[in-house]
Amino acid sequence: MYAVLGDPVAQSLSPAIHNAVFRATGRDASYIARRVTAGECGTVLRSLALNGGGGNVTVPYKEHVLPFLDRRAHAVEATGACNTFWARDGEVWGDNTDVEGFLGVWEGMVAELGEGLSVLVLGAGGAARAVLFALPGAPEVARVRLWNRSGDRARNLVGRFGDSRLSRIEDWRGESPDVVVNATSVGLNGGAAPIDLRGLAALPRGVIDLVYGKEPTPLCRQAAELDIPARDGREMLVLQAEASHARWFGRAPPRGVMAGALE
Ligand SMILES: NC(=O)c1ccc[n+]([C@@H]2O[C@H](COP(=O)([O-])OP(=O)(O)OC[C@H]3O[C@@H](n4cnc5c(N)ncnc54)[C@H](OP(=O)(O)O)[C@@H]3O)[C@@H](O)[C@H]2O)c1
């Protein structure tokens, strides 16, 4: 038994994409969305893992579950967030495959943008931690500017990662990034985009929105109107889920099954 643990989880597409792979590979396993309270999250996580299963952790528990892990992968230590768990030899392991998922999207986006890129990251929650851990390792990144509604949270993250290329900004207006990454939850329910791309000093050459939905997100819609290449969070969802599957079973799932289920 595998599960995504969070609150809320009813909207999660993880059961659909993981069960599609279980079916396609004939695996005797099942994946559910399980809404949990903060008090029960760690117990449910350990119970699933130690009974031969595993799963994922989503908002708002990615940081909360760290004390319930016996072993933390490097990405968990570095980001302070866990999105994937399983057990091996009686020990519960945690990893953060959002990092791998984001890097996969990033590499696809920047292949044609060249070197020395400046990136504007919006948000300072769990998703932003994965982005900020991944980006400085990307050779084409020259500068990362972080903006968040609550400045203190952004300041803490900049301090945590301590990379000279990373800095916090008070206001995104007047910036001229090559790429904008939205790691806020703004746009999840439609409405407005987190920023107005036209308010930047120069239009970016690419947009990555971690948010996804059935319709194009507000930020991706605005990027399309301005002829800027953009990707929403669906590709990252699939890539982080494929990486989770590989952690659980020691091999990657067949390509295209999760993406097909998502469509
Ligand atoms: N595609 C994927 O695979 C994937 C993976 C992970 C996450 N995500 C998505 O990424 C988003 C963020 O997730 P998370 O885990 O980082 O959530 P989180 O920890 O709750 O952080 C939410 C972030 O959004 C900001 N925010 C919320 N409402 C805002 C508003 N009205 N105006 C401006 N900023 C606002 C928060 O700013 P404050 O600090 O000021 O509150 C914070 O920076 C979610 O939509 C999630 O679904 C996608």
Taking only DSSP H segments of four or more residues, each worth -39500 (n - 2.57), what value at 222 nm results for the chain once the sum is divided by all its residues, to the nearest 500 deg cm²/dmol? -10500 deg cm²/dmol
So for LYS62, LYS214, what's the accessible-area order with a 1.4 Å probe, most first? LYS214, LYS62
Counting only protein heavy atoms with a 1.4 Å probe and every protein chain in place, the carbon and sulfur fraction of the accessible surface of the chain in whole percent equals 47 percent
On the Cα set of the stretch 167-263, report Rg and Dmax in Å, please. 15.7, 47
Mind checking the full-extension length gain between HIS74 and GLU107? Use 0.36 nm per residue of separation minus the Cα-Cα distance, one decimal, nm. 9.8 nm
Just name one of MET236, THR58, ASN182: the one whose Cα is farthest towards the positive end of the charge dipole of the chain (beta-carbon charges, Lys/Arg +1, Asp/Glu -1). THR58
With only Lys, Arg, Asp and Glu charged, each at its Cβ (+1 for the first two, -1 for the last two), find how big the charge dipole of the chain is about the Cα centre; round to the nearest 20 debye. 440 debye
Potential lengthening between SER30 and LEU262 on full extension [0.36 nm per residue; Cα-Cα distance subtracted]: 81.8 nm
Between SER47 and SER185, what's the calculated FRET efficiency when r is the beta-carbon distance and R0 is 25 Å? Round to 0.05. 0.30
So the angle from the long Cα axis of helix 151-161 to the longest Cα principal axis of the chain, reported in degrees to the nearest 10, equals 70 degrees
Quarter of the surface of the C-alpha convex hull for the chain, i.e. direction-averaged projected area in nm², equals 13.5 nm²
Expressed in nanometres to one decimal, the distance between label points 7 Å along Cα→Cβ at GLU40 and ASP171 is 4.8 nm
Cβ-Cβ cut-off under 12 Å around GLU91, Lys and Arg +1, Asp and Glu -1: the net charge is +2
Looking at the chain, send over the antiparallel percent of its DSSP beta bridges, to the nearest 5. 20 percent
What are the extents of the Cα atoms of the stretch 99-235 along their three principal axes, in Å, largest first? 36, 32, 30
Contact order relative to length for the stretch 2-96, counting C-alpha pairs under 8 Å separated by 6 or more residues, stands in percent at 28 percent
For the stretch 108-119, Karplus-derived ³J(HN,Hα) couplings (6.51, -1.76, 1.60; θ = phi - 60°; whole Hz; x for glycine and proline) come out as x, 6, 8, 3, 9, 9, x, 9, x, 7, 9, 10
Taking amide H positions as placed 1.01 Å from N in the peptide plane, with prolines and chain starts having none, which residues 5 or more places from ARG168, or on another chain, fall under 5 Å of its amide H? LEU146
Considering Cα pairs under 8 angstrom that are at least six residues apart, work out the relative contact order of the stretch 86-204 and quote it in whole percent. 26 percent
Between 0 and 90°, nearest 10: helix 14-24 axis offset from the chain longest Cα axis: 60 degrees
Relative contact order (%) - criterion: Cα under 8 Å, at least six apart; region: the chain: 17 percent
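The values are calculated or read from the model by the stated rules, or taken from the named source; none is laboratory data. Remember, it's a predicted structure, so these values are computed and weren't measured experimentally. For neighbour counting, all protein chains shown are included, and Cβ atoms are generated from backbone atoms with ideal geometry for every residue, glycine included. Ligands, DNA and RNA are stripped out before the accessible areas are found, and what is left, the full protein with its side chains, is counted by its heavy atoms. Shrake-Rupley method; radii C 1.70, N 1.55, O 1.52, S 1.80 Å.
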